[in-house]
Amino acid sequence: MVKKELVSEKIDRIWFSLNRLKRFQNINLEEFKKDQDVQDIVIYNLFLIIQNLIDIGNHIIADEGFETPGYYGEIPEILSKEKVVSENLASVFKKMISFRNIIVHEYSKVDLAKVYDILIYGIDDINKILDEIIKYAKL
């Protein structure tokens with residue numbers, strides 16, 4: 001059974017980071033590219049969001065006794081297979097994990113235009129993933 005308190009804590013952390021990101025959604029791409037402090041805040045909070053989603057996914061998989069993922073990219077696939085999240089959102093989640101890996105392993109190669117697109121257009125997808133997790137975990 002999913003430990004609701006643990007999942008709730010991680011969801012709260014995600015919401016905190018989402019609120020931090022909302023402060024920067026009113027700037028344009030040029031302003032974003034010029035302000036390294038804003039870039040760092042946005043990238044770091046995206047990392048935290050994705051990492052917490054990974055942690056939640058791993059927790060659900062372990063607690064429910066689902067197939068063990070061999071690597072992070074399998075987490076969304078397993079969650080989709082087990083009807084925790086939709087196939088469409090699993091695909092989005094998998095792309096988020098790839099983006100997280102770039103942040104962690106190749107920080108200098110982060111595409112700022114892509115980061116900006118996630119800031120402006122990707123937040124809704126994060127909320128949809130959270131909604132499906134909340135529904136599954138009955139929070």
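From the list Ile43, Ile78, which residue is surrounded by 17 or more Cβ atoms within 10 Å (Cβ to Cβ) and over 15 Å from the mean Cα position of the chain (by Cα)? Show your work before the answer.
Numbers: Ile43 fails: over 15 Å from the mean Cα position of the chain (by Cα).
Criteria check complete, one pass: Ile78.
Quick check on Ile54: is it farther than 23 Å from Phe24 by Cα, in contact with a helix residue (DSSP H, G or I) (Cβ under 8 Å, 6 or more places away or on another chain) and assigned to a helix (DSSP H, G or I)?
Values: farther than 23 Å from Phe24 by Cα: yes; in contact with a helix residue (DSSP H, G or I) (Cβ under 8 Å, 6 or more places away or on another chain): yes; assigned to a helix (DSSP H, G or I): yes.
In short, yes.
Mind counting the residues in region 1-41 that are in a helix (DSSP H, G or I) and within 28 Å of Ala137 (Cα to Cα)?
Restricting attention to region 1-41, the residues satisfying the condition of being in a helix (DSSP H, G or I) are 4-22, 29-34, 36-41.
Adding the requirement that they be within 28 Å of Ala137 (Cα to Cα) leaves 4-22.
Number satisfying all stated conditions: 19.
Within region 89-121, the set of residues being over 12 Å from Val42 (Cα atoms), in a helix (DSSP H, G or I) and of a type outside the set (A, V, I, L, M, F, W, C) comprises Ser91, Lys94, Lys95, Ser98, Arg100, Asn101, His105, Tyr107, Ser108, Lys109, Tyr121. Looking across region 81-117, the residues that are without any contact (Cβ under 8 Å) to a residue 60 or more places away in the chain, surrounded by 12 or more Cβ atoms within 10 Å (Cβ to Cβ) and more than 25 Å from Ile134 (Cβ to Cβ) come down to Asn101, Ile102, Lys114, Asp117.
Residues that are in contact with a Lys or Arg (Cβ under 9 Å, 6 or more places away or on another chain), charged (D, E, K, R) and free of Cβ contacts under 8 Å to residues at least 24 places away in the same chain do occur in region 55-70.
Read the figures in this text as sums done on the coordinates, not as results from a lab. Everything quoted here is computed from the prediction, not taken from an experiment. All Cβ positions, even for glycine, are placed from backbone atoms using ideal geometry, and neighbour counts span all protein chains on display.
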